[in-house]
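Structure, as structure tokens:
The values are calculated or read from the model by the stated rules, or taken from the named source; none is laboratory data. Computed from a predicted model, the values in this text were never measured in an experiment. Please note: Cβ atoms are built from the backbone with ideal geometry, for glycine as well, and neighbour counts cover all protein chains shown.
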Amino acid sequence: MKLISTPLEGCFILEPTLFEDARGYFFESYNHQNFKDQSGLNVNFVQDNEAYSHLGALRGLHFQKGKHAQAKLVRVIRGKVLDVAVDLRANSSTFGQYFSVILSGENKKQLFVPRGFAHGYAVLENDTVFSYKCDNYYCKDAEGGIRYDDPTLAIDWHLESSQITLSEKDVVLPFYDADSYQNVF
């Protein structure tokens, strides 16, 4: 596994070493010691989640507040997404900035999103299976989010607005407000 830094401190792309032969392929999707050695982080994942989505589904931008904040390791098993992480750590030099990357079943890249970030993704292919690990358990009372179409962030989701499908919850998320994240994490 190769760890690649992104412009956002603590946010990494993971590229696996792929072993292919006539039978197919094999790769190690996560190795705690390898990740710790390369990142300097000792992350203990406690929950795995999976989502199946169709083209145009947009999930996010979500985060967990306070002691319920979550780091995530996200990947696509089948299909393709544009994955987005927004730095909400008030003391960070990249506060308020976002990073996006294409994750797919084909490229097998993963994105590590540290605590203190909002996260979301747009599904770019039908029949996409998205999987992620969390280092803290989900808590409904600690939910937070930012509207996907926030004009300050101006994220290009690689979809036309007519293609986007949102949950009822995501439709009513608030717009980004830098002042409101001062004591969230």
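In the range 65-72, is there at least one residue being out of contact with any Cys (no Cβ under 7 Å at 6 or more places or on another chain) and surrounded by fewer than 16 Cβ atoms within 10 Å (Cβ to Cβ)?
yes
Residue check: is Phe27 surrounded by fewer than 21 Cβ atoms within 10 Å (Cβ to Cβ), modelled with pLDDT of 95 or more and over 13 Å from the mean Cα position of the chain (by Cα)? Walk me through how you get there before you give the answer.
Values: surrounded by fewer than 21 Cβ atoms within 10 Å (Cβ to Cβ): yes; modelled with pLDDT of 95 or more: no; over 13 Å from the mean Cα position of the chain (by Cα): yes.
It is false that Phe27 is surrounded by fewer than 21 Cβ atoms within 10 Å (Cβ to Cβ), modelled with pLDDT of 95 or more and over 13 Å from the mean Cα position of the chain (by Cα).
May I ask you to list the residues in the range 120-144 that are within 23 Å of Ile164 (Cα to Cα) and not in a strand (DSSP E or B)? Reasoning before the result, please.
Residues of the range 120-144 within 23 Å of Ile164 (Cα to Cα): 120-132, 143-144.
Once the filter is applied, which keeps residues that are within 23 Å of Ile164 (Cα to Cα) and not in a strand (DSSP E or B), the range 120-144 yields Leu124, Glu125, Asn126, Asp127.
Within 16 Å of the chain's Cα centre (by Cα), among the hydrophobic types (A, V, I, L, M, F, W, C) and farther than 20 Å from Gly66 by Cα: which single residue out of Leu159, Leu124 fits that description? Steps first, please.
Values: Leu159 fails: within 16 Å of the chain's Cα centre (by Cα).
So the residue among Leu159, Leu124 that is within 16 Å of the chain's Cα centre (by Cα), among the hydrophobic types (A, V, I, L, M, F, W, C) and farther than 20 Å from Gly66 by Cα is Leu124.
Residues of the range 1-42 being in contact with an Asp or Glu (Cβ under 6 Å, 6 or more places away or on another chain) and either within 13 Å of Leu73 (Cβ to Cβ) or free of Cβ contacts under 8 Å to residues at least 40 places away in the same chain (or both), which ones?
So in the range 1-42, the residues in contact with an Asp or Glu (Cβ under 6 Å, 6 or more places away or on another chain) come out as 2, 8.
Within the range 1-42, just Lys2 meets the criteria.
Of everything in the range 21-67, what is part of a strand (DSSP E or B) and of a type in the set (Asp, Glu)? Give them in sequence order. If you could, list the steps in order and put the result at the bottom.
Narrowing the range 21-67 to residues part of a strand (DSSP E or B): 21, 24-26, 47-53, 57-64.
Passing the criteria: Asp21, Asp48, Glu50.
May I ask you to list the residues in the range 146-185 that are part of a helix (DSSP H, G or I), of a type in the set (A, V, I, L, M) and under 25 Å from Glu125 (Cβ atoms)?
Let us first name the residues in the range 146-185 that are part of a helix (DSSP H, G or I), namely 161-163, 168-171, 178-181.
When the remaining residues are screened for being of a type in the set (A, V, I, L, M), the result is 171, 178.
If the condition is that a residue be part of a helix (DSSP H, G or I), of a type in the set (A, V, I, L, M) and under 25 Å from Glu125 (Cβ atoms), then Val171 is the only one that fits.
Mind checking whether some residue in the range 169-177 is touching a Leu at 6+ places or on another chain (Cβ under 6 Å) and closer than 23 Å to Pro7 by Cβ? Quick ask: steps written out before the conclusion?
Initial filter on the range 169-177 (touching a Leu at 6+ places or on another chain (Cβ under 6 Å)): 176.
Now narrow it down to the ones that are closer than 23 Å to Pro7 by Cβ: 176.
Within the range 169-177, one or more residues are touching a Leu at 6+ places or on another chain (Cβ under 6 Å) and closer than 23 Å to Pro7 by Cβ.
Filter the range 70-92 down to the residues that are of a type in the set (A, V, I, L, M, F, W, C) and closer than 15 Å to Tyr181 by Cβ, then identify the one that is modelled with the lowest pLDDT.
First pass over the range 70-92, keeping only residues of a type in the set (A, V, I, L, M, F, W, C): 71, 73-74, 76-77, 81-82, 84-86, 88, 90.
Now restrict to residues that are closer than 15 Å to Tyr181 by Cβ: 85-86, 88, 90.
Working: Ala85: 98, Val86: 98, Leu88: 97, Ala90: 94.
Per the stated criteria, the residue is Ala90.
In the set Phe95, Phe112, Phe117, Phe99, which member is at pLDDT 95 or above, buried (at least 19 other Cβ atoms within 10 Å of the Cβ) and either closer than 29 Å to Ser161 by Cβ or more than 9 Å from the chain's Cα centre (by Cα) (or both)? Before the answer, list the steps.
Details: Phe95 fails: buried (at least 19 other Cβ atoms within 10 Å of the Cβ); Phe112 fails: either closer than 29 Å to Ser161 by Cβ or more than 9 Å from the chain's Cα centre (by Cα) (or both); Phe99 fails: buried (at least 19 other Cβ atoms within 10 Å of the Cβ).
None of the other options fit; the residue is Phe117.
Given the residues Val81, Val123, Val46, Val86, which is the only one that is over 17 Å from Asp170 (Cβ atoms) and β-branched (Val, Ile, Thr)?
Details: Val81 fails: over 17 Å from Asp170 (Cβ atoms); Val123 fails: over 17 Å from Asp170 (Cβ atoms); Val86 fails: over 17 Å from Asp170 (Cβ atoms).
None of the other options fit; the residue is Val46.
Of the residues in the range 1-15, how many are in a loop (DSSP other than H, G, I, E, B), buried (at least 17 other Cβ atoms within 10 Å of the Cβ) and touching a strand residue (DSSP E or B) at 6+ places or on another chain (Cβ under 6 Å)? Before you say what the answer is, go through the steps one by one.
Looking only at the range 1-15, we keep the residues that are in a loop (DSSP other than H, G, I, E, B), and these are 1, 6-11.
With buried (at least 17 other Cβ atoms within 10 Å of the Cβ) added as a condition, the list becomes 6, 8, 10-11.
Retained after the next criterion (residues that are touching a strand residue (DSSP E or B) at 6+ places or on another chain (Cβ under 6 Å)): 6, 8, 11.
Qualifying residue count, the range 1-15: 3.
From Ser100, Ser93, which residue is on the phi < 0 side of the Ramachandran plot and assigned to a strand (DSSP E or B)? Step through it out loud before you land on a result.
Working: Ser93 fails: assigned to a strand (DSSP E or B).
The unique qualifying residue is Ser100.
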